[in-house]
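S.K.: Shown below is the structure under consideration.
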């Protein structure tokens, strides 16, 4: 009886919606349903896709009937979100039979690319899609690339035809795959083709070959890549692409060319790009290599020190904090990526230091707070709880950014517990973010919790639309009104 009263009491709440006055009662289920229906309606600006992408991130089984309904939608982008949503929900590859429901060849090709990009294609799916008629060359080579990456058999005759394609990106990747199958002439033929090109056309072809070689760790391309990187008329884009591939396939040759390019760079900006390419290679670089970065300015010196600390396992916290404190955008981006490979205790210390600096105003990039909080919540919830308490006491705006990070953490149970500890400590948007994190868990909601979720679901929680639609779905799910919502979206009485 109490539960029924609680549900009834939040079916209509007083919500202060942005831009509306005066305050008045809002029929929350109707408002929540309206937000969900907006996600299910195709819009030319693509806003429906952003909403559906957000719903897909919930990974809750209550979404299954929604995705099944979308598969039969009248626009291919809605169909694709439903197909991808079902695959993600089941943690399974995409179902090719569902992709075939997208009838137009160009749209189906876009769907194939999306499934590959999301790592939802495995060997059986790639093989089945390659048997379809009218698969464009770009998607054919992408599917065959997926097969080779998984050490599955590919059709050499089909690859040979693709290696002659007019599109240099298609021909370059097909040539790399052919060479890895033992056709030594494939690379030579592609290189001969590039020699007949000039300007942007040649650059496109060489970069395509280099990126394919890097992706497949192709030993067959080493000589050609080294020659292209050292050519007198090579563009910097060509040299850097070839260098990235060589670092991935033959570290010794790659390091030689890297040192030459680094020393010959005519500006600090070019030298920095070359240094970051080396650091992004994820190869076991000898620590002495980084000595070249010393005496080249603060940014390069900080990068060299951090790379040396990673290689030797010493002074890592101090080295990373130096980069983060410097605030150089590309260096900070590299440091955040590199931290993913560091021990949890090292990463935790750095994330706490970074978040403290953001809260205290010594750094001013809220995006960093989101990323650092997301990771810290998963590896060290106790440290994250302390950071949340500090943000609540000192900076409500930064608390919002940190809560967005907590909300995006892979550990939803931990995120829910952290949010519960901070609920009521910030402003309305902070409370909305916190209750959203709690509602994503299996934790029962109290009447007060449900009323707070209702405010967010009805648009009064100052959330952006992508989070409002999540609040709306979770609210309707808690009220057991998903079937009614989907029926109304389908136009059923």
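The values are calculated or read from the model by the stated rules, or taken from the named source; none is laboratory data. Note that this is a predicted model, so its numbers are computed, not measured. Neighbour counts run over all protein chains shown; Cβ positions are idealised from the backbone, glycine included.
S.K.: Name the pairs: first residue in the stretch 306-328 and at positive phi, second residue crowded, with 17+ Cβ neighbours inside 10 Å and assigned to a helix (DSSP H, G or I), Cβ to Cβ under 9 Å, at least 6 apart or on different chains?
M.R.: Close Cβ pairs satisfying both conditions: 315/305; 315/308; 315/309.
S.K.: Among the numbered conditions (1) surrounded by 22 or more Cβ atoms within 10 Å (Cβ to Cβ); (2) under 28 Å from residue 256 (Cβ atoms); (3) under 33 Å from the mean Cα position of the chain (by Cα); (4) at pLDDT 90 or above, tell me where residue 186 comes up short.
M.R.: (3)
S.K.: Can I ask one more? What's the number of the condition residue 6 fails, among (1) modelled with pLDDT of 95 or more; (2) assigned to a helix (DSSP H, G or I)?
M.R.: (1)
S.K.: Name the residues in the stretch 358-369 that are within 14 Å of residue 322 (Cα to Cα) and buried (at least 19 other Cβ atoms within 10 Å of the Cβ), would you?
M.R.: Here is the first cut: in the stretch 358-369, the residues within 14 Å of residue 322 (Cα to Cα) are 362-363.
Correct list: 363 only.
S.K.: A further question follows. With the condition kept exactly as written, say whether any residue in the stretch 283-291 is more than 27 Å from the chain's Cα centre (by Cα), farther than 26 Å from residue 241 by Cα and part of a helix (DSSP H, G or I). Give the derivation first.
M.R.: Within the stretch 283-291, the first condition is being more than 27 Å from the chain's Cα centre (by Cα), and the residues that meet it are 286-291.
Among the residues that remain, those that are also farther than 26 Å from residue 241 by Cα are: none.
No.
S.K.: Same structure again: Report whether or not residue 271 is outside any helix (DSSP H, G or I) and in contact (Cβ under 8 Å) with a residue 24 or more places away in the chain. First the steps, then the outcome.
M.R.: Details: outside any helix (DSSP H, G or I): no; in contact (Cβ under 8 Å) with a residue 24 or more places away in the chain: yes.
When the stated conditions are applied, residue 271 does not pass them.
S.K.: Exactly one of these conditions fails for residue 157: (1) touching a helix residue (DSSP H, G or I) at 6+ places or on another chain (Cβ under 9 Å); (2) surrounded by fewer than 17 Cβ atoms within 10 Å (Cβ to Cβ). Give me its number.
M.R.: Against the list (1) touching a helix residue (DSSP H, G or I) at 6+ places or on another chain (Cβ under 9 Å); (2) surrounded by fewer than 17 Cβ atoms within 10 Å (Cβ to Cβ), residue 157 comes up short only on (1).
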